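What follows is a single structure, written as structure tokens, with notes after it.
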Amino acid sequence: MKVGVLALQGDVREHINSLIDCGVEAVAVRRAGEIKSVDALVLPGGESTTISQLSEVFGVYQLIKDRIASGMPVYGSCAGMILLAEEILDAKVGQKSFGGLEITVRRNAFGRQVDSFESDIEFADGSTGLMRAVFIRAPWVEKVSDSVQILASVDSHPVAVRSRTALATSFHPELSGDDRIHRYFIEQVARPALEKVK
Amino acid sequence: MAEVTGTGRVKRGMAEMLKGGVIMDVVNADQAKIAEDAGAVAVMALERVPADIRAQGGVARMSDPDMIEKIQAAVSIPVMAKARIGHFVEARVLESLGVDYIDESEVLTPADYENHIDKFDFTVPFVCGATNLGEALRRINEGAAMIRSKGEAGTGDVSNAMQHMRKIGGEIRRLSSLREDELYVAAKELQAPYDLVKEVAQTGKLPVVLFTAGGIATPADAALMMSMGADGVFIGSGIFKSGNPAQRAAACVKATTFWDDPKVIADASRGLGEAMVGINVADLPAPHRLAERGW
């Protein structure tokens with residue numbers, strides 16, 4: 001499986017390292033040809049307004065949107081979660097997302113940087129044990145449709161959600177050195193989705 | 001479930017999210033919106049850009065809280081602000097305003113010519129300037145969660161930023177080539193803590209994100225700094241002292257993302273109008289060189 005990490009802006013290298021640790025081929029992708037060549041895509045942490053704008057400027061916005069809509073497995077952390085949401089609250093005027101997950105997300109919902117935090121959370125991947133999660137100016141999920149399953153919450157706000165082909169977290173597993181989320185994405189989301197296509 | 005704020009991971013992680021991006025100096029809400037629309041990953045709120053501080057002289061201090069709050073209200077991207085070197089009360093004030101990062105900056109007039117701020121004592125993260133590896137590691141040892149090259153702010157002359165990036169990179173490469181028993185003397189020579197020196201020698205990079213700053217005025221300047229290994233770019237006077245700020249800001253963002261693609265940089269550089277006029281650093285008398293502040 002070849003997984004691309006969208007490399008317009010953000011913590012691309014950390015995601016690539018986490019994916020490689022999980023034993024898949026991981027590459028940074030920016031251009032249309034590169035994006036077309038991957039089986040699955042990761043949208044990294046970063047500034048969601050910058051990433052969506054650059055995707056338009058460099059003509060890959062529609063391509064990414066279409067590939068996600070047609071079932072390419074995709075995972076987004078933090079800014080990546082915002083980019084996957086069908087609806088964004090507290091967005092910049094005119095801010096676009098790729099969509100793909102039927103959720104409503106509130107940007108910077110946990111507050112400014114002085115409110116950024118780490119916490120041990122439960123993640124519903126079937127394994128036991130808490131997971132250290134790093135939240136940085138993080139969003140949370142305010143509304144989900146029936147197609148979306150909640151995998152983790154903080155103070156009753158969903159912070160990890162999935163559909164059949166898409167996974168999103170408010171927090172940054174790529175920073176904490178815990179590869180459970182990346183492994184979950186590859187084994188529980190991407191692999192089943194890709195096998196179904198075959 | 002205990003939620004812990006202000007940890008090293010949260011502070012350094014915030015800087016990781018800015019990588020590959022451009023942080024722009026702005027003096028009011030309108031400029032902040034232009035920067036956000038152009039794709040800036042953050043803005044630095046300050047009353048006077050470095051070029052004006054240089055032209056007007058006098059003591060440069062923290063900005064008016066009213067002005068910072070107006071900028072915070074105007075944009076959704078992170079807002080940074082500058083405190084004077086060693087002025088921990090200015091830093092407390094900025095923290096209470098909820099700024100997302102504090103720049104303990106040589107662009108302002110230092111408040112203390114011996115000590116920097118004890119940055120571990122704050123929840124808000126700090127970025128500090130450095131001209132060489134030893135200086136960078138001393139700042140990290142005091143709690144800085146992000147480093148930027150100093151360059152020579154407010155000049156539009158990129159030569160000092162280039163010199164600092166080469167110096168920091170060169171010293172890191174040298175450390176990687178040393179035997180482990182030579183690192184003790186290396187730490188002494190760098191005037192930096194041994195543990196940090198050893199970490200850099202092993203990993204071949206700084207333990208925090210390294211941006212570049214000081215004198216960047218064109219898309220090609222931004223791309224040059226990215227090619228030198230910068231994780232991202234601060235642009236101060238270069239944008240809003242130019243003929244067409246909105247277009248230049250967007251062009252610098254593009255060139256930072258596609259720093260390795262001369263065609264994209266060429267397109268971004270077309271028809272931008274007047275760049276800031278600039279001052280050659282060599283023509284600046286030594287007492288007016290900001291990069292030499294801090295130690």
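Just a few scattered comments:
- Rounded FRET efficiency, nearest 0.05, which uses the C-beta distance separating B:VAL277 from A:ASP120 and R0 of 35 Å: 0.05
- For segment B:182-295: rounded, prolate or oblate by the Cα gyration tensor [a/c cutoff 1.5]: oblate
- Comparing A:GLY111, A:GLY76, A:GLY100 in a Gaussian network model of chain A (Cα springs below 10 Å), the most mobile by mean-square fluctuation is A:GLY111.
- Under 10 Å, Cβ to Cβ, from A:ARG183 - net charge with Lys/Arg +1 and Asp/Glu -1: -4
- Chains B and A together bury some 3400 Å² of accessible area, summed over both sides, with a 1.4 Å probe.
- Cα gyration tensor of chain B - equivalent ellipsoid semi-axes, whole Å, descending: 28, 23, 19
- Set A:LYS96/B:LYS19; A:LYS96/B:LYS119; A:LYS92/A:LYS143; A:LYS143/B:LYS254 screened for pairs whose C-alpha atoms are more than 25 Å apart: A:LYS96/B:LYS119; A:LYS143/B:LYS254
- Under 14 Å of direct C-alpha separation, and excluding same-chain neighbours fewer than eight residues apart, B:LYS198 reaches these aspartates and glutamates: B:GLU171, B:GLU180, B:ASP181, B:GLU182, B:GLU189.
- A 1.4 Å probe run over chain A, with the rest of the protein chains in place, finds 37 Å² accessible per residue.
- Computed E for B:GLU3/A:ILE150 - FRET, C-beta separation, R0 25 angstrom, nearest 0.05: 0.85
- Cα gyration tensor category, rounded, prolate or oblate, for chain A with a/c compared to 1.5: rounded
- Rolling a 1.4 angstrom probe over the protein assembly as shown with all protein chains present gives an accessible area of which 48% lies on carbon and sulfur atoms.
- For the protein assembly as shown: rounded, prolate or oblate by the Cα gyration tensor [a/c cutoff 1.5]: prolate
- Helix-derived mean residue ellipticity, 222 nm - over chain A, DSSP H n ≥ 4, -39500 (n - 2.57), to 500: -7000 deg cm²/dmol
- Qualifying GluC sites (Glu not before Pro) in segment B:50-154, where qualification requires a DSSP coil assignment and no more than 12 other C-beta atoms within 10 Å, comprise B:GLU114.
- Inter-probe distance in nm under a simple model that places probes 7 Å from Cα toward Cβ, at B:LYS263 and B:ALA55: 4.0 nm
The values are calculated or read from the model by the stated rules, or taken from the named source; none is laboratory data. As the structure is a computational prediction, the values presented were derived from the model and not from experiment. Because the Cβ atoms are built from the backbone with ideal geometry, glycine has one as well, and the counts that use them run over all protein chains shown. Quick note on the areas: whole protein, heavy atoms, side chains included, nothing else; ligands and nucleic acids left out. Shrake-Rupley method; radii C 1.70, N 1.55, O 1.52, S 1.80 Å.
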